[in-house]
Amino acid sequence: MNTNKELVRRLKTILNRYARTNRMDSDTAEVELDLLDKEVKALPRDGIVPALQAAVGHSKTRRAEVVNVLSWFTDIPEAVDFLGHELSSPDYHIRERVLGIIGHRKLSKLAPLLNDVITHDPVQSCRERAISVAAWLKQEVNFPAILQCAEIGDPALMGALVHALLDYGRSEGYPYLRRAFEKPVPPPPPWYTKHISTTQQEYEEESRWSGRKITKLFAAWGLAKLGDPEGIAHLGEMLYDPDHQVGQSYLPGQSLRAAQAMADVFNLPFEWNTSHVPAIREWWERNREWALSEGTRSVTEKRSSSDGLH
């Protein structure tokens, strides 16, 4: 295999520099990554894949950084094939790295590569990441795979699936969102009002409870976008979800997230700041009856029109 020796040398240096950013503080790394990305985009395209393979050699460190280079060359079939192969790597860290880059750079061309990870990857975190990336890209090619996972109903993927079906906002996701919404939220741990979590067991108990509460809220958001009055009503209730404070420790409730959801469903002004919660509460108190009757019809009609585009 003939390779451009100068290109191989440059790529080896670039891969080593990408690797060093992992040991930098975030601000320094961001500057260096911007410089590296500009250098990579200026590289000659001919022979980039074989040159990159030669630059990697037997180095595991450089191998882990290949995706940073190839993700800028997704118009080259060999680059796409290589990235697809990386998504089958036995090292799940490499698979997660590729998924992260696809999502970060919004590489919609690579969306078809996500489906096998979504449905068959043996590592839960990889499947969750692939589902989240698919929701971020929102490509038609991934929606059947997400629905397939929803129909199987793996509890470990519930959070990721709820978020994805919320983001897609399509009526086919309604049954799963409804099941996730109806799953009971257990009461908070008995020690919750007395002190913050201090042991690993308490932390896990708190995480299970708060995670279920948050997942129910996101399921309600997805249902509300489809015109479900119970979903809308739950968002209204969560506008008053209290913060939790014990001594000097403070854990926020979900009122801000509920306000964001309500604003999204009914096209209300909103910024991610607690100062916007009172205005959304006031709107809800004035318009509750309308939102649960006429408002649901308005949302449903808007969603039906959108579904017609698929």
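The values are calculated or read from the model by the stated rules, or taken from the named source; none is laboratory data. As the structure is a computational prediction, the values presented were derived from the model and not from experiment. Reconstructed Cβ throughout: ideal geometry from the backbone, glycine too, with neighbour counts over all protein chains shown.
Pairing residues of segment 165-178 that are free of Cβ contacts under 8 Å to residues at least 40 places away in the same chain and under 13 Å from ALA134 (Cα atoms) with residues that are among the hydrophobic types (A, V, I, L, M, F, W, C) and assigned to a loop (DSSP other than H, G, I, E, B), at Cβ distances under 7 Å and at least 6 apart in sequence or on separate chains, gives no pairs at all. A search for C-beta distances below 9 Å between a residue of segment 43-56 that is more than 15 Å from GLU86 (Cβ to Cβ) and any residue that is surrounded by fewer than 17 Cβ atoms within 10 Å (Cβ to Cβ) and of a type in the set (Asp, Glu), counting only pairs 6+ apart in sequence or on different chains, returns ARG45/ASP75; ILE48/GLU78; PRO50/GLU78. When residues in segment 26-44 are screened for being within 25 Å of the chain's Cα centre (by Cα) and over 19 Å from ARG97 (Cα atoms), 2 of them pass. Could you please let me know if HIS58 is within 19 Å of ASN16 (Cα to Cα), modelled with pLDDT of 90 or more and surrounded by fewer than 19 Cβ atoms within 10 Å (Cβ to Cβ)? Criteria met by HIS58. Restricting ASP121, ASP34, ASP91 to residues that are under 18 Å from LEU157 (Cβ atoms) and of a type outside the set (Lys, Arg) narrows the list to ASP121. Listed by first and then second residue, the pairs with beta-carbon distance under 6 Å, at least 6 apart or on different chains, first residue in segment 91-106 and over 12 Å from THR74 (Cβ atoms), second in a helix (DSSP H, G or I) and basic (Lys, Arg), are GLU96/ARG129; LEU99/ARG129.
Conditions (1) modelled with pLDDT of 95 or more; (2) loosely packed, with under 14 Cβ neighbours inside 10 Å; (3) out of contact with any Phe, Trp or Tyr (no Cβ under 9 Å at 6 or more places or on another chain); (4) not in a helix (DSSP H, G or I), marked per residue:
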residue: ALA145; (1), (2), (3), (4): yes, no, yes, no
residue: ALA150; (1), (2), (3), (4): yes, no, no, no
residue: ALA160; (1), (2), (3), (4): yes, no, yes, no
residue: HIS163; (1), (2), (3), (4): yes, no, no, no
residue: ASP167; (1), (2), (3), (4): yes, no, no, no
residue: GLU172; (1), (2), (3), (4): yes, no, no, no
residue: ALA180; (1), (2), (3), (4): yes, no, no, no
residue: HIS195; (1), (2), (3), (4): no, yes, yes, yes
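So for segment 198-212 (the condition being surrounded by fewer than 22 Cβ atoms within 10 Å (Cβ to Cβ) and touching an Asp or Glu at 6+ places or on another chain (Cβ under 7 Å)), does at least one residue qualify? No, the conditions are met nowhere in segment 198-212.
Answer with yes or no whether LEU83 is farther than 28 Å from TYR168 by Cβ and assigned to a helix (DSSP H, G or I).
In short, no.
Given ILE102, ILE48, which one is crowded, with 20+ Cβ neighbours inside 10 Å, over 16 Å from ALA19 (Cα atoms), at pLDDT 90 or above and touching a Ser or Thr at 6+ places or on another chain (Cβ under 9 Å)?
Step by step, each of ILE102, ILE48 is checked, and only ILE102 is crowded, with 20+ Cβ neighbours inside 10 Å, over 16 Å from ALA19 (Cα atoms), at pLDDT 90 or above and touching a Ser or Thr at 6+ places or on another chain (Cβ under 9 Å).
In contact (Cβ under 8 Å) with a residue 40 or more places away in the chain and of a type in the set (A, V, I, L, M): is that true of ALA29 in this structure? Considered against the rule, which asks whether it is in contact (Cβ under 8 Å) with a residue 40 or more places away in the chain and of a type in the set (A, V, I, L, M), ALA29 comes out as no. Here LEU7 clears all of (1) in contact with a Pro (Cβ under 8 Å, 6 or more places away or on another chain); (2) surrounded by fewer than 17 Cβ atoms within 10 Å (Cβ to Cβ) except the condition numbered (2). Taking (1) under 14 Å from TYR18 (Cα atoms); (2) modelled with pLDDT of 90 or more in turn, ALA64 satisfies each apart from (2).
Being under 23 Å from ARG129 (Cβ atoms) and aliphatic (A, V, I, L, M) holds for only one residue in VAL49, VAL80, VAL31, VAL56, and it is VAL80. A residue that is among the small types (Gly, Ala, Ser), surrounded by 12 or more Cβ atoms within 10 Å (Cβ to Cβ) and closer than 17 Å to LEU177 by Cβ cannot be found anywhere in segment 265-281. Taken as a whole, segment 259-278 holds at least one residue that is modelled with pLDDT of 95 or more, touching a helix residue (DSSP H, G or I) at 6+ places or on another chain (Cβ under 6 Å) and farther than 23 Å from GLY169 by Cβ. For beta carbons closer than 6 Å, sequence separation of 6+ or different chains, a first residue in segment 248-277 that is free of Cβ contacts under 8 Å to residues at least 40 places away in the same chain and a second that is of a type in the set (Ser, Thr, Tyr) and surrounded by 19 or more Cβ atoms within 10 Å (Cβ to Cβ), the qualifying pairs are VAL277/SER255. The residue of segment 229-257 that is farthest from ALA180 (Cα to Cα), among those that are at pLDDT 95 or above and of a type in the set (Asp, Glu), is GLU237.
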